Every structure is written in C-alpha cells, then in structure tokens.
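Input: a single structure, listed below in structure tokens.
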Amino acid sequence: MSTASEGPLAGVRVVEMAGLGAAPYTAMLLSDLGAEVIRVDRPGARTAEAGKYALSRGRRSIMIDLKRPEGLDTLVRLVERADVLIEGFRPGVAERLGFGPDVCLRRNPGLVYGRMTGWGQTGPMSRMAGHDLNYQAMTGALSLLQRPGSPPATPPGLIADFAGGGLMLAFGLVCGLLDSRATGQGQVVDAAMVDGVASLTTLVHSMLAQGRWTDRPGTNFCDGGAPYYDSYETSDGRYMAVAPIEPHFYAIMVERLGLRVEDLPNRDDPANWPRLKRLFAGIFRTRTRAEWTEVFDGTDACVTPVLSITEAPGHQHNEARGTYPRAFDVTQPAPAPRFGRTPGRIAGPPPLPGADSRSVLLDWGLPAPDAERLISAGIVQQP
C-alpha cells in the first residue's frame, strides 16, 4: 500500500537515497505534503530504534545491494518512474556508485535530481567533511550567536542542516518540479548548506549596508545587545524571552513590570542599554517563570516563557493547534505549513530498512517475476 496522502504534492514520486540529517528532513517534508517517497536502504542498514526516527516517517523502504550490477539497474529502473531523486553524498560519490545525474537524467529526462551537501558540488572545500557548526562558522552566522567575552553558542544542527539545507532543498525540488512539468526537462538542484545559511543572513547584510548593524557580537538590537530583545532569568532559574522591539509593545512590557516609560532612560540610545538590562534583570528575578507568564499572558508585550523541548508540546497554544501530535508512539512536530484545501498529514511510521521491498517493486511497475527473482537472489532484500 502506498503511504502517499492527498496533500498538495499528491502524485509526486520521490526516490530518496538513505542518509542522515538534512536530506531525510527534505524527504519528510515532501512526504508530509503528499508525495510518495521511497527510501533506498543498503544492506546492513541499522534497524535499532528505526521505528522512533521521526525524520523517516511517511515513506516506504526498499533495500538494494548497489554493489551488484542488477542492484544498480534496479535502482535506475525506479528512478525512471520517479519525479525526484534525493541524495546526500559527497561530490562524486553518486557518480562513482553509478547513479549520478548523467545516468539518471539520460534514463529520465524530466527528473529533478536533488543533491544535498555541506559545501556544495564545487569549490576548494567541496570534498571536505563538515557539520552544521562549520557551515554556520563559515558564513558569519555563528558569530550572531555570540555574546561579548563568550564563545559562540553551540546550537543543535538546526540552522545549517535543516533550515539552510533541508528546507532549501525541498524548496528547490518543488521549483524544479514546476519547471520540469512546464518544459519536460529535468535538472540538478545543488543544495549546499553553506549557501542556504548565507541566504538566511540576508537581513543582517542589509542592515550592515544601512549602517544599522555592527560586526561586534552582542551589540545590536536583536543579538542580545538591546534590553528589549533578550532572555531574562526568573527566580526559579528559568527564563522569559523578551522581544518588544516596537515602542508601543515596549510600553506594555514596561507597564507590566511595574514601571513607566517616561521614568526610564531612552531605550534608543545604546549607551543606556546596560543600565536598562540590569534594571529588567533585577525585576525578572523577583518572580517565577510561571508567575511572569501569567503577568504577560494575553498581552502584546512580546514576553513569553522559554520552554524546553519536552515542555513545548504541552503548552496550551501548541495543544490547541495540534502542533505536536503523538503519532506511532512518538511525540513529534506536525506537518508544516498548513493548507486549507489539501492538508498534509503524517502518512505513516518510519519504516524498517527493506520492510517494503516487494511492494515497492510491484507498485512501481516492475513485473512480478522480476521482483521475485531479485529478492530470491538477494539483490533486493526484504528482511
């Protein structure tokens, strides 16, 4: 049975070469919005905890031995029937394994061939290893997470891997699909995380050009420098996020703190920022996070509690919107964004590697005798 839903991408067929991190996230996004995604696992793929790996939700898995010529041919036969291919190998690896863009586009001229890498397909660093932290560091993004006198923060792999990489590739693939369906011609989408993170910093470059940003960490209005855009500790050791950038929102925040704007130093003069930060910090330490949450709830002060990953699903707003459903015994984020007429959905649980090998071959048009022969010979494996 297909796991495709009736979302806006219903009818789109995707072959995903199994990998880690950003490329599976791209495949998850496409599946959530209706695409039929087939993940190609290789023999020996780990099965422990596979059913809990939410990034793999909503697709089926086929296990193919790509070291054998018939295995490679089977993969290409699936690619012939696909609209999109996703691979996240280092540059040149897919070509060496025999399913690079030239091979696949020759067999399927309308294919959109998505490539996910850290440094891109070209450039002096293209064949080097790297991770989210490296790509942020090389684009200046990591310096935006730094406070004076402290090293940059070390966030989990969200900014480069998933925003600069996974989201960018998903966007590129959908754009490529639109073009392919209009022209009949496919193409390669080169999604480099370093390019994606650079794109995310466009606003900062704009403000730098306008003279509204300095290259000194923690001195700008939205990098922790300003008293009205920061997190403040509460009496119970937790934090409130304070972000009333606009003056009228700032006035509400100040009033809820028991102060009056007219009695305070001018917030638009950076020379006054340290004094204001000390003042606000002292006040926030007088109550618990829960107490401050009640004070600001329902206002436009732009002050909210800093929730942990385990706390976020239980917040009343997230519960009301169904932002974190529990699906297949795992609490996980819901498909996003939301569509009014063709809503996405979590199409199925993460598959065990190779669990759907036979059904994939048959559903994607390979003759039954061929499917049985491939499985009997161990070229395609179904544990």
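General observations
- Whether the chain is rounded, prolate or oblate, judged on the alpha carbon gyration tensor where a/c under 1.5 counts as rounded: prolate
- One equal scatterer on each Cα of region 239-305, no solvent, Debye formula: the resulting log10 I(q)/I(0) at q = 0.20, 0.26 Å⁻¹ is -0.80, -1.33.
- Choice from 99, 249, 328 with maximal GNM fluctuation in the chain (Cα, 10 Å cutoff): 249
- Contact order normalised by residue count of region 321-383, Cα under 8 Å, 6+ apart, percent: 22
- Choice from 218, 282, 51 with maximal GNM fluctuation in the chain (Cα, 10 Å cutoff): 282
- Take every pair of alpha-carbon atoms less than 8 Å apart whose residues are at least six positions apart; their mean separation over the length of the chain yields a relative contact order of 22 percent.
- Here is the tail figure for region 173-221: Cα pairs spaced more than 19 Å apart come to 52 percent of all pairs.
- For residue 188, the residues whose amide H sits under 5 Å from its own are 113, ignoring neighbours fewer than 5 places away on the same chain, with H placed 1.01 Å from N.
- Helical contribution to [θ] at 222 nm, DSSP H n ≥ 4, -39,500 (n - 2.57), averaged over the chain, rounded to 500: -9500 deg cm²/dmol
- Karplus-derived 3J(HN,Hα), 6.51/-1.76/1.60, for each residue of region 358-363, Hz, glycine and proline x: 5, 5, 5, 4, 6, 5
- In the elastic network of the chain, a GNM with C-alpha springs shorter than 10 Å, the most mobile of 321, 77, 13 is 321.
- Footprinting exposure proxy for 116, 168 (fewest neighbouring C-beta atoms within 10 Å first): 168, 116
- Using C-alpha pairs below 8 Å separated by at least 6 residues, the relative contact order for region 71-118 is 50 percent.
- Per-residue 3J(HN,Hα) values for region 252-269, derived from phi via the Karplus relation 6.51 cos²θ - 1.76 cosθ + 1.60 with θ = phi - 60°, read 5, 4, 4, 4, 5, 7, x, 10, 10, 4, 5, 8, 9, x, 4, 6, 7, 9 Hz in sequence order (x marks Gly and Pro).
- Couplings for region 322-336, taken from phi via the Karplus curve 6.51 cos²θ - 1.76 cosθ + 1.60 with θ = phi - 60°, read x, 5, 10, x, 9, 10, 6, 6, 10, 6, 8, x, 6, x, 9 Hz in order; Gly and Pro are left as x.
Here, each number is a calculation from the coordinates, and none is a lab measurement. Fair warning: this is a prediction, and the values are worked out from it, not measured in the lab. All Cβ positions, even for glycine, are placed from backbone atoms using ideal geometry, and neighbour counts span all protein chains on display.
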